[in-house]
1. So for region 133-149 (the condition being open to solvent by 90 Å² or more (accessible area, probe 1.4 Å), free of Cβ contacts under 8 Å to residues at least 24 places away in the same chain and of a type outside the set (D, E, K, R)), does at least one residue qualify?
2. Mind checking which helices (runs of 4 or more DSSP H) fall wholly inside region 286-393 and carry at least 3 residues that are buried (at least 17 other Cβ atoms within 10 Å of the Cβ) and touching a Phe, Trp or Tyr at 6+ places or on another chain (Cβ under 9 Å)?
3. Restricting the search to region 76-106, which residues are under 25 Å from Lys199 (Cα atoms) and part of a helix (DSSP H, G or I)?
4. Can you tell me which residue is modelled with the highest pLDDT among those in region 71-128 that are over 38 Å from the mean Cα position of the chain (by Cα) and of a type in the set (Ser, Thr, Tyr)?
5. Any idea which of (1) under 15 Å from Tyr206 (Cα atoms); (2) surrounded by 12 or more Cβ atoms within 10 Å (Cβ to Cβ) is the one Asp120 doesn't satisfy?
6. For Ile160, indicate whether it is at pLDDT 75 or above and either touching a strand residue (DSSP E or B) at 6+ places or on another chain (Cβ under 8 Å) or over 21 Å from Asp381 (Cα atoms) (or both).
7. Filter region 192-218 down to residues that are at pLDDT below 80 and surrounded by 16 or more Cβ atoms within 10 Å (Cβ to Cβ) and give me whichever is nearest to the chain's Cα centre (by Cα).
8. Can you tell me which condition Leu129 does not meet? The list is (1) open to solvent by 30 Å² or more (accessible area, probe 1.4 Å); (2) touching a residue at least 60 places away in the same chain (Cβ under 8 Å); (3) within 17 Å of Asp198 (Cβ to Cβ), and all the others hold.
Amino acid sequence: MKLKGLFWILSFLLIAIPAAVTWIVFYTSAPLYILVAVEIIALLTVIYLVFFYRRIIKPLQIIGDGMELLKEQDFGSRLRLTNQPDADRIVELFNRMMEQLKNERLRVREQHHFLDLLIDASPLGIIILDLNGNIRSTNPAVFKLLDLPADTDIAGKKLIDISHPLFAELLNVKKDSAETIRLGDANVYKCTHSSFMDKGFTNSFYLIELLTEEVFEAEMKAYENVIRMIAHEVNNATAGIVSTLDTLETTLQEMEQPDAGEALRITIERCYSMNRFITNFADVVRIPEPQLREYELNAVVLSCKRFMETICLNRNIKLVLELCDTSPIVHIDSVLIEQALVNIIKNSAEAIEQDGTIRIITGHSPACLEIADNGKGISKDAESKLFTPFYSTKPQGQGIGLMLIREILLKHGCTFSLRTGPDGLTRFKILF
(Lines give C-alpha, C1' and ligand atoms only; values in the text may rest on other atoms or scores of the structure.)
Protein backbone atom coordinates (compact mmCIF):
# COMPACT_ATOMS: atom_id res chain seq x y z
CA MET A 1 0.00 0.00 0.00
CA LYS A 2 1.22 3.49 -0.81
CA LEU A 3 2.27 5.93 1.90
CA LYS A 4 -0.67 8.18 1.05
CA GLY A 5 -3.12 5.35 1.81
CA LEU A 6 -1.45 4.62 5.13
CA PHE A 7 -1.71 8.32 5.99
CA TRP A 8 -5.45 8.37 5.41
CA ILE A 9 -5.91 5.23 7.54
CA LEU A 10 -3.90 6.82 10.33
CA SER A 11 -5.95 10.02 9.97
CA PHE A 12 -9.20 8.07 10.23
CA LEU A 13 -8.03 6.28 13.39
CA LEU A 14 -6.74 9.42 15.06
CA ILE A 15 -10.02 11.25 14.42
CA ALA A 16 -12.31 8.30 15.06
CA ILE A 17 -10.89 7.50 18.49
CA PRO A 18 -11.52 11.00 20.01
CA ALA A 19 -14.96 11.05 18.37
CA ALA A 20 -15.81 7.71 20.03
CA VAL A 21 -14.53 8.91 23.37
CA THR A 22 -16.61 12.11 23.01
CA TRP A 23 -19.71 10.06 22.27
CA ILE A 24 -19.16 7.83 25.30
CA VAL A 25 -18.48 10.77 27.60
CA PHE A 26 -21.53 12.70 26.32
CA TYR A 27 -23.94 9.81 26.86
CA THR A 28 -22.49 8.63 30.20
CA SER A 29 -22.71 12.06 31.87
CA ALA A 30 -18.96 12.27 32.42
CA PRO A 31 -17.46 15.52 33.75
CA LEU A 32 -17.41 18.41 31.33
CA TYR A 33 -13.64 18.92 31.52
CA ILE A 34 -13.08 15.41 30.12
CA LEU A 35 -15.25 16.29 27.15
CA VAL A 36 -13.31 19.54 26.60
CA ALA A 37 -10.00 17.72 26.89
CA VAL A 38 -11.09 15.16 24.29
CA GLU A 39 -12.20 17.89 21.89
CA ILE A 40 -8.89 19.74 22.33
CA ILE A 41 -6.99 16.49 21.61
CA ALA A 42 -9.11 15.92 18.51
CA LEU A 43 -8.46 19.48 17.30
CA LEU A 44 -4.71 19.15 17.89
CA THR A 45 -4.77 15.81 16.03
CA VAL A 46 -6.43 17.44 13.00
CA ILE A 47 -3.92 20.31 13.05
CA TYR A 48 -1.04 17.82 13.27
CA LEU A 49 -2.42 15.74 10.39
CA VAL A 50 -2.72 18.82 8.19
CA PHE A 51 0.85 19.79 9.06
CA PHE A 52 2.04 16.22 8.48
CA TYR A 53 0.27 16.08 5.09
CA ARG A 54 1.77 19.37 3.89
CA ARG A 55 5.30 18.59 5.09
CA ILE A 56 5.62 14.94 4.06
CA ILE A 57 2.74 13.45 2.09
CA LYS A 58 2.27 16.28 -0.43
CA PRO A 59 6.00 16.59 -1.29
CA LEU A 60 6.17 12.81 -1.70
CA GLN A 61 3.15 12.95 -4.00
CA ILE A 62 4.80 15.68 -6.12
CA ILE A 63 7.99 13.64 -6.32
CA GLY A 64 5.90 10.62 -7.35
CA ASP A 65 4.40 12.73 -10.13
CA GLY A 66 7.96 13.52 -11.21
CA MET A 67 8.75 9.81 -11.40
CA GLU A 68 5.76 9.39 -13.73
CA LEU A 69 7.13 12.19 -15.94
CA LEU A 70 10.47 10.37 -16.11
CA LYS A 71 8.71 7.12 -16.91
CA GLU A 72 6.84 8.78 -19.79
CA GLN A 73 10.05 10.63 -20.84
CA ASP A 74 8.24 13.95 -20.64
CA PHE A 75 11.32 16.11 -20.10
CA GLY A 76 9.49 19.35 -20.90
CA SER A 77 7.38 19.44 -17.72
CA ARG A 78 8.54 20.73 -14.32
CA LEU A 79 7.49 20.21 -10.69
CA ARG A 80 6.16 23.19 -8.71
CA LEU A 81 7.69 24.21 -5.38
CA THR A 82 5.96 23.07 -2.16
CA ASN A 83 7.19 25.89 0.14
CA GLN A 84 8.83 23.18 2.24
CA PRO A 85 12.62 23.72 2.33
CA ASP A 86 13.56 20.03 2.45
CA ALA A 87 11.13 19.05 -0.28
CA ASP A 88 11.92 22.10 -2.41
CA ARG A 89 15.61 21.12 -2.53
CA ILE A 90 14.58 17.79 -4.04
CA VAL A 91 12.15 19.52 -6.44
CA GLU A 92 14.83 21.99 -7.62
CA LEU A 93 17.32 19.15 -8.12
CA PHE A 94 14.70 17.20 -10.04
CA ASN A 95 13.86 20.21 -12.26
CA ARG A 96 17.56 20.78 -13.04
CA MET A 97 17.92 17.11 -13.94
CA MET A 98 14.87 17.33 -16.24
CA GLU A 99 16.36 20.42 -17.93
CA GLN A 100 19.65 18.60 -18.53
CA LEU A 101 17.85 15.57 -19.89
CA LYS A 102 15.81 17.79 -22.20
CA ASN A 103 18.95 19.55 -23.49
CA GLU A 104 20.77 16.23 -23.91
CA ARG A 105 17.88 14.72 -25.85
CA LEU A 106 17.71 17.84 -28.04
CA ARG A 107 21.48 17.68 -28.65
CA VAL A 108 21.32 13.98 -29.56
CA ARG A 109 18.41 14.60 -31.92
CA GLU A 110 20.28 17.46 -33.58
CA GLN A 111 23.39 15.30 -33.94
CA HIS A 112 21.36 12.43 -35.41
CA HIS A 113 19.66 14.83 -37.81
CA PHE A 114 23.00 16.29 -38.87
CA LEU A 115 24.45 12.79 -39.26
CA ASP A 116 21.47 11.72 -41.40
CA LEU A 117 21.93 14.79 -43.63
CA LEU A 118 25.67 14.10 -43.85
CA ILE A 119 25.12 10.45 -44.80
CA ASP A 120 22.51 11.34 -47.43
CA ALA A 121 24.76 14.03 -48.95
CA SER A 122 27.94 11.96 -48.84
CA PRO A 123 29.45 10.95 -52.23
CA LEU A 124 30.56 7.72 -50.54
CA GLY A 125 28.14 4.83 -50.61
CA ILE A 126 27.21 3.79 -47.06
CA ILE A 127 25.62 0.43 -46.21
CA ILE A 128 24.67 -0.18 -42.56
CA LEU A 129 23.94 -3.72 -41.37
CA ASP A 130 21.92 -4.86 -38.37
CA LEU A 131 23.02 -7.46 -35.81
CA ASN A 132 21.83 -10.30 -38.06
CA GLY A 133 23.88 -9.13 -41.04
CA ASN A 134 20.85 -7.77 -42.92
CA ILE A 135 20.94 -4.38 -44.63
CA ARG A 136 19.44 -1.87 -42.20
CA SER A 137 19.83 1.28 -44.27
CA THR A 138 21.73 2.79 -47.21
CA ASN A 139 22.27 6.28 -48.57
CA PRO A 140 21.42 7.52 -52.09
CA ALA A 141 25.07 7.34 -53.18
CA VAL A 142 24.91 3.52 -53.09
CA PHE A 143 22.29 3.47 -55.84
CA LYS A 144 24.17 6.08 -57.87
CA LEU A 145 27.59 4.41 -57.63
CA LEU A 146 26.22 0.95 -58.48
CA ASP A 147 23.74 2.15 -61.14
CA LEU A 148 20.80 0.64 -59.26
CA PRO A 149 17.27 1.99 -59.79
CA ALA A 150 16.36 4.43 -57.01
CA ASP A 151 13.26 2.39 -56.12
CA THR A 152 15.23 -0.85 -55.60
CA ASP A 153 14.24 -2.32 -52.23
CA ILE A 154 17.31 -3.83 -50.56
CA ALA A 155 16.50 -3.05 -46.92
CA GLY A 156 16.20 -6.16 -44.78
CA LYS A 157 18.10 -8.34 -47.27
CA LYS A 158 21.49 -9.96 -46.87
CA LEU A 159 24.41 -8.84 -49.03
CA ILE A 160 24.57 -12.19 -50.81
CA ASP A 161 20.91 -11.86 -51.86
CA ILE A 162 21.50 -8.67 -53.91
CA SER A 163 22.09 -9.33 -57.61
CA HIS A 164 24.82 -6.70 -58.07
CA PRO A 165 28.24 -8.47 -57.97
CA LEU A 166 29.81 -5.89 -55.64
CA PHE A 167 27.61 -7.00 -52.72
CA ALA A 168 29.02 -10.53 -52.90
CA GLU A 169 32.55 -9.10 -52.97
CA LEU A 170 31.86 -7.03 -49.83
CA LEU A 171 31.58 -10.25 -47.84
CA ASN A 172 35.28 -10.88 -48.53
CA VAL A 173 36.37 -7.53 -47.05
CA LYS A 174 37.72 -8.16 -43.56
CA LYS A 175 36.51 -6.06 -40.67
CA ASP A 176 38.46 -2.85 -39.97
CA SER A 177 40.18 -3.06 -43.35
CA ALA A 178 39.83 -1.67 -46.87
CA GLU A 179 40.21 -3.36 -50.25
CA THR A 180 40.17 -2.23 -53.87
CA ILE A 181 37.72 -4.24 -55.96
CA ARG A 182 37.50 -4.40 -59.77
CA LEU A 183 34.36 -5.68 -61.45
CA GLY A 184 33.42 -6.73 -64.95
CA ASP A 185 31.84 -3.31 -65.54
CA ALA A 186 35.36 -1.79 -65.65
CA ASN A 187 34.66 0.11 -62.43
CA VAL A 188 37.10 0.18 -59.51
CA TYR A 189 35.77 0.50 -55.97
CA LYS A 190 37.51 1.09 -52.65
CA CYS A 191 35.46 -0.74 -50.02
CA THR A 192 36.00 -0.21 -46.29
CA HIS A 193 34.47 -2.49 -43.64
CA SER A 194 34.15 -0.94 -40.19
CA SER A 195 31.79 -0.87 -37.18
CA PHE A 196 30.13 1.41 -34.64
CA MET A 197 28.36 1.02 -31.30
CA ASP A 198 24.58 1.39 -31.13
CA LYS A 199 22.68 0.78 -27.89
CA GLY A 200 25.61 -1.21 -26.55
CA PHE A 201 25.89 -3.52 -29.57
CA THR A 202 28.44 -3.55 -32.42
CA ASN A 203 26.97 -2.88 -35.87
CA SER A 204 28.91 -3.26 -39.12
CA PHE A 205 28.88 -0.84 -42.02
CA TYR A 206 30.58 -0.49 -45.40
CA LEU A 207 31.93 2.59 -47.17
CA ILE A 208 32.08 2.40 -50.97
CA GLU A 209 34.20 4.86 -52.96
CA LEU A 210 34.37 4.90 -56.75
CA LEU A 211 37.98 5.13 -57.91
CA THR A 212 37.39 4.37 -61.58
CA GLU A 213 38.26 7.79 -62.97
CA GLU A 214 41.41 8.20 -60.86
CA VAL A 215 42.64 4.66 -61.58
CA PHE A 216 41.96 4.92 -65.32
CA GLU A 217 43.70 8.28 -65.50
CA ALA A 218 46.76 6.90 -63.72
CA GLU A 219 46.75 3.80 -65.92
CA MET A 220 46.49 5.80 -69.10
CA LYS A 221 49.34 8.10 -68.09
CA ALA A 222 51.55 5.13 -67.28
CA TYR A 223 50.40 3.36 -70.45
CA GLU A 224 51.13 6.43 -72.57
CA ASN A 225 54.62 6.84 -71.10
CA VAL A 226 55.48 3.18 -71.67
CA ILE A 227 54.16 3.20 -75.24
CA ARG A 228 55.98 6.42 -76.06
CA MET A 229 59.26 5.00 -74.81
CA ILE A 230 58.78 1.64 -76.55
CA ALA A 231 57.66 3.25 -79.80
CA HIS A 232 60.65 5.59 -79.80
CA GLU A 233 63.13 2.79 -79.28
CA VAL A 234 61.46 0.35 -81.70
CA ASN A 235 60.97 2.90 -84.46
CA ASN A 236 64.56 4.09 -84.24
CA ALA A 237 65.87 0.54 -84.28
CA THR A 238 63.64 -0.73 -87.09
CA ALA A 239 64.29 2.35 -89.24
CA GLY A 240 68.01 1.62 -89.24
CA ILE A 241 67.48 -2.10 -89.72
CA VAL A 242 65.04 -1.63 -92.62
CA SER A 243 67.40 0.85 -94.33
CA THR A 244 70.32 -1.60 -94.05
CA LEU A 245 68.19 -4.54 -95.22
CA ASP A 246 66.91 -2.58 -98.23
CA THR A 247 70.49 -1.83 -99.28
CA LEU A 248 71.50 -5.44 -98.73
CA GLU A 249 68.47 -6.69 -100.70
CA THR A 250 69.37 -4.48 -103.66
CA THR A 251 72.92 -5.79 -103.56
CA LEU A 252 71.78 -9.42 -103.48
CA GLN A 253 69.42 -8.83 -106.37
CA GLU A 254 72.35 -7.46 -108.39
CA MET A 255 74.33 -10.56 -107.42
CA GLU A 256 71.39 -12.67 -108.62
CA GLN A 257 70.68 -14.26 -105.22
CA PRO A 258 66.85 -14.42 -105.26
CA ASP A 259 66.48 -16.80 -102.28
CA ALA A 260 68.52 -14.59 -100.03
CA GLY A 261 66.68 -11.53 -101.29
CA GLU A 262 63.32 -13.17 -100.46
CA ALA A 263 64.52 -13.92 -96.95
CA LEU A 264 65.51 -10.29 -96.52
CA ARG A 265 62.11 -9.17 -97.85
CA ILE A 266 60.36 -11.33 -95.23
CA THR A 267 62.57 -9.81 -92.53
CA ILE A 268 61.68 -6.31 -93.72
CA GLU A 269 57.97 -7.17 -93.60
CA ARG A 270 58.41 -8.39 -90.03
CA CYS A 271 59.95 -5.03 -89.14
CA TYR A 272 56.95 -3.27 -90.64
CA SER A 273 54.64 -5.62 -88.69
CA MET A 274 56.43 -4.67 -85.51
CA ASN A 275 55.85 -1.01 -86.28
CA ARG A 276 52.15 -1.67 -86.86
CA PHE A 277 52.03 -3.67 -83.60
CA ILE A 278 53.40 -0.71 -81.67
CA THR A 279 51.08 1.65 -83.53
CA ASN A 280 48.06 -0.40 -82.38
CA PHE A 281 49.08 0.16 -78.78
CA ALA A 282 49.66 3.85 -79.36
CA ASP A 283 46.23 4.25 -80.99
CA VAL A 284 44.56 3.44 -77.66
CA VAL A 285 45.87 6.66 -76.12
CA ARG A 286 45.10 8.69 -79.23
CA ILE A 287 41.37 8.04 -79.51
CA PRO A 288 39.79 11.28 -80.77
CA GLU A 289 37.04 13.03 -78.88
CA PRO A 290 33.67 11.74 -80.15
CA GLN A 291 31.67 13.94 -82.51
CA LEU A 292 28.23 13.32 -81.04
CA ARG A 293 25.22 13.25 -83.31
CA GLU A 294 21.75 11.79 -83.07
CA TYR A 295 21.50 8.26 -84.50
CA GLU A 296 19.09 5.37 -84.47
CA LEU A 297 20.80 2.57 -82.57
CA ASN A 298 19.26 -0.11 -84.80
CA ALA A 299 20.68 1.61 -87.87
CA VAL A 300 24.19 1.68 -86.36
CA VAL A 301 24.00 -2.07 -85.70
CA LEU A 302 22.73 -2.79 -89.21
CA SER A 303 25.42 -0.62 -90.82
CA CYS A 304 28.21 -2.88 -89.58
CA LYS A 305 26.26 -6.14 -89.84
CA ARG A 306 28.01 -7.29 -93.01
CA PHE A 307 31.49 -6.83 -91.54
CA MET A 308 30.46 -8.64 -88.35
CA GLU A 309 29.02 -11.52 -90.37
CA THR A 310 32.39 -11.85 -92.12
CA ILE A 311 34.07 -12.29 -88.73
CA CYS A 312 31.63 -15.08 -87.84
CA LEU A 313 31.43 -16.81 -91.22
CA ASN A 314 34.66 -18.81 -91.09
CA ARG A 315 33.87 -20.07 -87.58
CA ASN A 316 30.33 -21.26 -88.40
CA ILE A 317 28.88 -18.81 -85.87
CA LYS A 318 25.34 -17.51 -86.24
CA LEU A 319 24.84 -13.77 -85.82
CA VAL A 320 21.27 -13.12 -84.64
CA LEU A 321 19.86 -9.59 -84.44
CA GLU A 322 17.01 -8.95 -81.99
CA LEU A 323 16.32 -5.27 -82.58
CA CYS A 324 13.36 -3.58 -80.91
CA ASP A 325 10.53 -2.41 -83.17
CA THR A 326 11.12 1.29 -82.50
CA SER A 327 14.81 2.08 -82.66
CA PRO A 328 16.26 3.86 -79.58
CA ILE A 329 17.73 7.29 -80.34
CA VAL A 330 21.28 7.78 -79.06
CA HIS A 331 23.82 10.62 -79.20
CA ILE A 332 27.06 8.97 -80.33
CA ASP A 333 29.98 9.08 -82.70
CA SER A 334 28.88 6.28 -85.03
CA VAL A 335 32.40 5.57 -86.30
CA LEU A 336 33.80 5.01 -82.80
CA ILE A 337 30.79 3.00 -81.61
CA GLU A 338 30.98 0.78 -84.69
CA GLN A 339 34.66 0.23 -83.98
CA ALA A 340 33.84 -0.80 -80.40
CA LEU A 341 30.98 -3.02 -81.58
CA VAL A 342 33.20 -4.83 -84.09
CA ASN A 343 35.82 -5.46 -81.40
CA ILE A 344 33.18 -6.87 -79.05
CA ILE A 345 31.88 -9.24 -81.78
CA LYS A 346 35.45 -10.28 -82.56
CA ASN A 347 36.06 -11.14 -78.89
CA SER A 348 32.81 -13.10 -78.73
CA ALA A 349 33.70 -15.07 -81.87
CA GLU A 350 37.13 -15.91 -80.46
CA ALA A 351 35.53 -17.03 -77.19
CA ILE A 352 33.16 -19.36 -79.09
CA GLU A 353 35.93 -20.59 -81.44
CA GLN A 354 33.59 -22.78 -83.54
CA ASP A 355 29.85 -23.44 -83.91
CA GLY A 356 27.98 -21.02 -81.70
CA THR A 357 25.58 -18.08 -81.62
CA ILE A 358 26.03 -14.37 -81.01
CA ARG A 359 22.92 -12.30 -80.30
CA ILE A 360 22.77 -8.51 -80.61
CA ILE A 361 19.82 -7.03 -78.73
CA THR A 362 18.67 -3.41 -78.51
CA GLY A 363 16.24 -1.99 -75.96
CA HIS A 364 14.48 1.10 -74.60
CA SER A 365 14.25 2.88 -71.24
CA PRO A 366 17.13 3.46 -71.15
CA ALA A 367 18.62 2.92 -74.59
CA CYS A 368 20.77 -0.18 -74.34
CA LEU A 369 22.73 -2.62 -76.44
CA GLU A 370 23.54 -6.20 -75.44
CA ILE A 371 25.88 -8.67 -77.15
CA ALA A 372 25.46 -12.20 -75.79
CA ASP A 373 27.43 -15.29 -76.81
CA ASN A 374 27.51 -18.94 -75.74
CA GLY A 375 31.28 -19.17 -75.65
CA LYS A 376 33.43 -20.67 -72.90
CA GLY A 377 32.64 -17.78 -70.55
CA ILE A 378 34.69 -15.66 -68.17
CA SER A 379 35.99 -16.94 -64.84
CA LYS A 380 35.52 -14.96 -61.63
CA ASP A 381 39.26 -14.38 -61.42
CA ALA A 382 39.43 -13.08 -65.00
CA GLU A 383 36.32 -10.93 -64.54
CA SER A 384 38.08 -8.79 -61.91
CA LYS A 385 40.99 -8.12 -64.31
CA LEU A 386 39.05 -7.20 -67.43
CA PHE A 387 39.62 -3.75 -68.98
CA THR A 388 43.07 -3.44 -67.39
CA PRO A 389 46.04 -2.58 -69.64
CA PHE A 390 47.82 -5.52 -71.32
CA TYR A 391 45.54 -8.13 -69.72
CA SER A 392 44.02 -10.71 -72.04
CA THR A 393 42.31 -14.06 -71.53
CA LYS A 394 43.72 -15.26 -74.87
CA PRO A 395 47.19 -16.88 -74.92
CA GLN A 396 48.39 -14.65 -77.78
CA GLY A 397 46.27 -11.63 -76.84
CA GLN A 398 47.82 -8.17 -76.66
CA GLY A 399 45.40 -6.82 -74.06
CA ILE A 400 44.38 -3.74 -76.04
CA GLY A 401 40.98 -4.76 -77.44
CA LEU A 402 39.00 -4.28 -74.23
CA MET A 403 41.04 -1.16 -73.41
CA LEU A 404 40.03 0.34 -76.75
CA ILE A 405 36.38 -0.56 -76.12
CA ARG A 406 36.59 0.85 -72.58
CA GLU A 407 38.03 4.18 -73.73
CA ILE A 408 35.46 4.61 -76.51
CA LEU A 409 32.51 3.87 -74.21
CA LEU A 410 33.84 6.08 -71.40
CA LYS A 411 34.26 8.97 -73.82
CA HIS A 412 30.56 8.54 -74.67
CA GLY A 413 29.56 8.52 -70.99
CA CYS A 414 28.19 4.97 -71.25
CA THR A 415 27.94 2.47 -68.42
CA PHE A 416 28.79 -1.09 -69.35
CA SER A 417 29.50 -4.54 -67.97
CA LEU A 418 30.97 -7.82 -69.17
CA ARG A 419 30.28 -11.00 -67.25
CA THR A 420 29.09 -14.57 -67.63
CA GLY A 421 25.69 -15.26 -66.09
CA PRO A 422 24.35 -18.37 -64.33
CA ASP A 423 22.84 -19.50 -67.66
CA GLY A 424 26.32 -19.75 -69.20
CA LEU A 425 25.86 -16.82 -71.57
CA THR A 426 28.47 -14.07 -71.61
CA ARG A 427 26.84 -10.66 -71.97
CA PHE A 428 28.39 -7.33 -72.85
CA LYS A 429 25.78 -4.76 -71.82
CA ILE A 430 26.00 -1.08 -72.77
CA LEU A 431 23.68 1.62 -71.43
CA PHE A 432 23.72 4.91 -73.37
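1. no
2. Of the helices (runs of 4 or more DSSP H) lying wholly inside region 286-393, those with at least 3 residues that are buried (at least 17 other Cβ atoms within 10 Å of the Cβ) and touching a Phe, Trp or Tyr at 6+ places or on another chain (Cβ under 9 Å) span 334-352.
3. Result: Met97, Met98, Glu99, Gln100, Leu101, Lys102, Asn103, Glu104, Arg105, Leu106.
4. Step by step, filter region 71-128, then rank; the result is Ser77.
5. Unmet condition: (2).
6. Considered against the rule, which asks whether it is at pLDDT 75 or above and either touching a strand residue (DSSP E or B) at 6+ places or on another chain (Cβ under 8 Å) or over 21 Å from Asp381 (Cα atoms) (or both), Ile160 comes out as no.
7. Thr212
8. (1)
The values are calculated or read from the model by the stated rules, or taken from the named source; none is laboratory data. Everything numeric in this text was worked out from a predicted model, so none of it was measured. Every residue, glycine as well, gets a Cβ built from its backbone with ideal geometry; the counts of neighbours run over all protein chains shown. SASA here: full protein model, heavy atoms, side chains in, ligands and nucleic acids out. Shrake-Rupley method; radii C 1.70, N 1.55, O 1.52, S 1.80 Å.
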